[in-house]
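The values are calculated or read from the model by the stated rules, or taken from the named source; none is laboratory data. None of the values given here were measured: they were computed from a predicted structure. Cβ atoms come from the backbone with ideal geometry, glycine included; neighbour counts cover every protein chain shown.
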Amino acid sequence: SVSYRDGALFLSNSQRYFELDPPQTLIFKPELPRDHFIWNDVPYYGELLIHFREDRVMIVNELPVETYLNGVLPFEIPTNQSEYQEAVLAQAIAARSYALYRLENPVNELYDAWADERDQIYKGDLQKTPLAERAISNTRGIVLVNQGSPAIAQYHSTCGGVLEAYIGSDPGGIAYDMTDNEYNCKVSPYYRWVEFRKVETVLWNLSREFE
């Protein structure tokens, strides 16, 4: 097992115990293809890299793109009902395209993509669904491209009617994604956020802001 506490990294089993100081990079490889590692109660296939630095520990999972997608789709779109099939197929293509774009344009030298909303939510082998697995298999090899390279296929649940480059986006990253100035995503129940406030509360907030 591996644990991190009090600024040190510890490796142990029933017979041995090691304490490591930074900087260190540990690479764990599975004995068999279907073996997996567990980190923070989440199972991961592929290789697990632990980058131990003075101020932090970074866990990186290296694995084939198609296996990676199994850990993305169930957390980016509902995959538990058959009527979502076409949407899940589209999601598989978008997620694959984005992953391949990141392989060519990695976040930094240690890893290609974040495992959260900064790129795509990825949670290893925590949840699998037959619909997601079929969508990945049935769209294998299908990728969105721009000028011969994987497109930066950004996607979202609901846009609120307006599309624009996100803060920190790669320069020119969405130049080919032209908006149509239409009210997109109107069918979504999250298209408009509605909150109710008393008049007294609104006036008090305004007076505090502009006094």
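Quick notes
- Test: residue in the stretch 21-29 that is more than 20 Å from K128 (Cα to Cα) and of a type in the set (V, I, T): yes
- Filter result (assigned to a loop (DSSP other than H, G, I, E, B) and either surrounded by fewer than 15 Cβ atoms within 10 Å (Cβ to Cβ) or touching a residue at least 60 places away in the same chain (Cβ under 8 Å) (or both)) within the stretch 128-142: K128, R140, G141, I142
- Which listed residue is in the same structural domain as R5 (by TED's automatic domain parsing) and free of Cβ contacts under 8 Å to residues at least 40 places away in the same chain, from E109, E47, E117: E47
- Against the numbered list (1) in contact with a His (Cβ under 9 Å, 6 or more places away or on another chain); (2) surrounded by 14 or more Cβ atoms within 10 Å (Cβ to Cβ), A115 comes up short only at (1).
- Any hit, the stretch 62-73, residues being surrounded by fewer than 13 Cβ atoms within 10 Å (Cβ to Cβ) and under 23 Å from A135 (Cα atoms): yes
- If only residues of the stretch 1-36 that are part of a strand (DSSP E or B) and among the small types (G, A, S) are counted, the one that is nearest to L49 (Cα to Cα) is S3.
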